[in-house]
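Presented below is the structure to which this report refers.
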Amino acid sequence: MLHNLTPFLIHWAITALSLWIASYLFRGLKFDTTGALVVSALLLGLANAVVKPLLILLTLPLTLLTFGLFLLVINALMILLVSALVRGFKVSGFWTAFFASIFISLLSIAIGALVGSGDPATTIQMPSGGTWL
C-alpha cells in the first residue's frame with residue numbers, strides 16, 4: 001500500500017513546492033494560507049489527471065493547428081480552474097496563469113528529475129531487442 005502511495009506524495013510535494021516558489025515570483029499568484037497551497041496542489045494534480053485530458057481531446061484540432069502550443073493555454077486554464085475552486089488561492093488574470101503554468105511545469109520537471117523515485121520500474125528503459133523505425 002505504501003509503495004503505491006509514496007510516488008503520489010512525492011509528486012504532490014513537488015507540485016506544492018513549485019506553486020509556492022511561483023507565488024513568490026509572480027505578483028498575481030497568491031496563497032492566503034498553507035492549507036490553500038496544499039489543497040491547490042492536490043486539486044491541480046486531480047485536474048491535470050481528469051479534466052486536462054478531456055480538454056486536450058476536445059481541442060485536438062486547435063492543438064494540431066498550433067503545433068501543440070495550445071496546450072500552454074490548457075495548462076493556464078487548469079490553474080485558473082483551481083483558483084476558482086480553492087478559497088485562498090488567487091490568480092490575477094490569464095497571462096499570470098499562462099506564464100506561471102510554464103514556470104511551474106518546468107520547475108516540477110527539474111525538481112522531479114533531481115528527486116527521482118529510485119524505482120527502476122518508473123524509469124524509462126530502452127528495449128533490448130526489436131526493430132526501431
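The values are calculated or read from the model by the stated rules, or taken from the named source; none is laboratory data. Remember, it's a predicted structure, so these values are computed and weren't measured experimentally. Cβ: placed from backbone, ideal geometry, glycine included. Neighbour counts: every protein chain shown.
Side notes on the structure shown:
- Note on region 14-45: among residues that are part of a helix (DSSP H, G or I) and farther than 18 Å from residue 108 by Cα, the one that is nearest to the chain's Cα centre (by Cα) is 36.
- Flag for residue 11 being under 11 Å from the mean Cα position of the chain (by Cα), modelled with pLDDT under 90 and in a helix (DSSP H, G or I): yes
- Applying a threshold of 6 Å to beta carbon distances and a minimum spacing of six or more residues, or different chains, the list of pairs starting in region 95-112 at a residue that is closer than 16 Å to residue 24 by Cβ and free of Cβ contacts under 8 Å to residues at least 24 places away in the same chain and ending at one that is assigned to a helix (DSSP H, G or I) and of a type in the set (Lys, Arg) is empty.
- Some residue of region 57-70 being part of a helix (DSSP H, G or I) and either touching a residue at least 12 places away in the same chain (Cβ under 8 Å) or in contact with a strand residue (DSSP E or B) (Cβ under 6 Å, 6 or more places away or on another chain) (or both): no
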